[in-house]
Amino acid sequence: MTDNALTNNRPVRVLIVDDHKVVRKGLSAFLLSYDGLELIGEASSGEDALLFCAQDRPDVILMDLVMPGMDGAAATRRIREHYPQVQVIALTSFPEEDLVEGALRAGAISYLLKNVEADELARAILDAHNGRSTLAPEAAQVLIQAHTRPPQPGHDLTRRELDVLQAMVNGLSNRAIAQTLDISHSTVKFHVSNILGKLGVTSRAEAVARALQNKLAN
């Protein structure tokens, strides 16, 4: 992609938000090399990004996610709530599922890694300004895996079954569980049977181990 290919009637105004000065300077140099993009400022925190948006609305923000204080997802959510015309591109070193989903839920239009090629980043900025999303291949893969993996064991346990399971983890017998939860002994046996079936185990010991492994109880 050439500089001329990015040139339009008005350059896209870009704000860089990153707590690392070296990263900001590198991105600044990149933006200055494209005629169609204009660097209008730098911020080192989510709080500073909000202040900047209140004073001088950018078109697109390159937002780091892992920052002290207000992180990138929280800043993105606030910016999108107050300034919905501002598009946010999450630009980070990390493709972890919780970061990807958190950024997109907060309102980021795109998710890119910092090893992105310059022309790809330039195109993503222009696309974001025009309402089009760009996902790094690693982020797309994370989302696919998150939505195709089998449900976590115990996802279908009822509130009462979780109470019984916690009591089992605490070492209580069926009679003690019945007294603690003020239910009948036969009801406890019914819940225990359901718990074993839903967890795919055949014994109380296995159910306790599965509960602790999957953080269903503590």
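In the same structural domain as ALA103 (by TED's automatic domain parsing), in a helix (DSSP H, G or I) and surrounded by fewer than 15 Cβ atoms within 10 Å (Cβ to Cβ), is that true of GLU120? So GLU120 fits the description; yes. All of (1) at positive phi; (2) of a type outside the set (D, E, K, R); (3) exposed (fewer than 14 other Cβ atoms within 10 Å of the Cβ) hold for GLY154 with one exception: (3).
For the range 191-204, taking the residues that are touching a residue at least 12 places away in the same chain (Cβ under 8 Å) and not aliphatic (A, V, I, L, M), the one that is surrounded by the fewest Cβ atoms within 10 Å (Cβ to Cβ) is identified as GLY200. Cβ-Cβ contacts under 7 Å between residues 6 or more apart (or on different chains), taken from a first residue in the range 45-60 that is under 20 Å from VAL12 (Cβ atoms) and assigned by TED's automatic domain parsing to the domain that holds ILE125 to a second residue that is among the aromatic types (Phe, Trp, Tyr) and at pLDDT below 95, are absent.
Determine if the range 92-104 includes at least one residue that is within 20 Å of LEU31 (Cβ to Cβ) and touching a residue at least 60 places away in the same chain (Cβ under 8 Å).
Step one: of the range 92-104, the residues within 20 Å of LEU31 (Cβ to Cβ) are 92-93.
When the remaining residues are screened for being touching a residue at least 60 places away in the same chain (Cβ under 8 Å), the result is none.
The answer is no; no qualifying residue exists.
Scanning the range 94-113 for residues that are over 10 Å from the mean Cα position of the chain (by Cα) and either at pLDDT below 95 or part of a helix (DSSP H, G or I) (or both) yields one hit, PHE94.
Scan SER133, SER110 and give me the residue that is assigned by TED's automatic domain parsing to the domain that holds SER33, among the polar types (S, T, N, Q) and surrounded by fewer than 22 Cβ atoms within 10 Å (Cβ to Cβ).
SER133
Could you tell me whether the range 171-190 includes any residue that is in contact (Cβ under 8 Å) with a residue 40 or more places away in the chain, farther than 30 Å from ASN115 by Cβ, among the polar types (S, T, N, Q) and outside any helix (DSSP H, G or I)? Scanning the range 171-190, I find no residue that is in contact (Cβ under 8 Å) with a residue 40 or more places away in the chain, farther than 30 Å from ASN115 by Cβ, among the polar types (S, T, N, Q) and outside any helix (DSSP H, G or I), so the answer is no.
The values are calculated or read from the model by the stated rules, or taken from the named source; none is laboratory data. The structure presented is a predicted model; accordingly, all values stated were derived computationally and were not measured. Glycine gets a Cβ as well: all are built from the backbone with ideal geometry, and neighbour counts include every protein chain shown.
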